[in-house]
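Worksheet: one structure, shown below.
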Amino acid sequence: MREDIANSAADATSAPPQNNAGQAGASGKLHVSPEALRALPAEFVQRHRVLPLRVENGAIHVASAEPAHPRVIDDIRLLSGLEVLEQNFPPSEILEKIAEC
């Protein structure tokens, strides 16, 4: 389950810009780094509909289908030990990528 995304993410471009266009590839799909994927349990990702995108400079970048939930952000911070930066993407893209888990 997780390995499928980690393997497909191995080919993803690294350190994209912080805007949404930099996160989506030519196919419009979200890119997930293996390091970010390992930072959160799969059950948590599915339950809260958050997708860890990458870990960079002591922060985890996440896409959320329902952004700005302080409790979820706090839980991500506790689980990962990293600061959390949310990025907005269409929920359909996030849920599609989570379903691939």
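Counting residues in region 45-59 that are of a type in the set (D, E, K, R), within 15 Å of Pro90 (Cβ to Cβ) and modelled with pLDDT of 85 or more gives one or more. If the condition is being over 11 Å from the mean Cα position of the chain (by Cα) and under 10 Å from Ile60 (Cβ atoms), then region 77-98 contributes Arg77, Leu79, Ser80, Gly81, Leu82, Glu83. Are any of the residues in region 46-60 of a type in the set (D, E, K, R) and in a helix (DSSP H, G or I)? Yes, that holds for at least one residue. Of all residue pairs spaced 6 or more apart or on separate chains, those with beta-carbon atoms under 7 Å, a first member in region 64-89 that is surrounded by fewer than 14 Cβ atoms within 10 Å (Cβ to Cβ) and a second member that is among the small types (Gly, Ala, Ser) are Glu83/Gly58; Glu83/Ala59. Only residues that are in contact (Cβ under 8 Å) with a residue 40 or more places away in the chain and over 8 Å from the mean Cα position of the chain (by Cα) were counted across region 37-63, and they come to 7. Filtering region 62-91 down to residues that are touching an Asp or Glu at 6+ places or on another chain (Cβ under 8 Å) and closer than 15 Å to Val32 by Cα, which residue is modelled with the lowest pLDDT? The qualifying residue modelled with the lowest pLDDT is Ser64.
The values are calculated or read from the model by the stated rules, or taken from the named source; none is laboratory data. Source: prediction; values computed, not measured. Because the Cβ atoms are built from the backbone with ideal geometry, glycine has one as well, and the counts that use them run over all protein chains shown.
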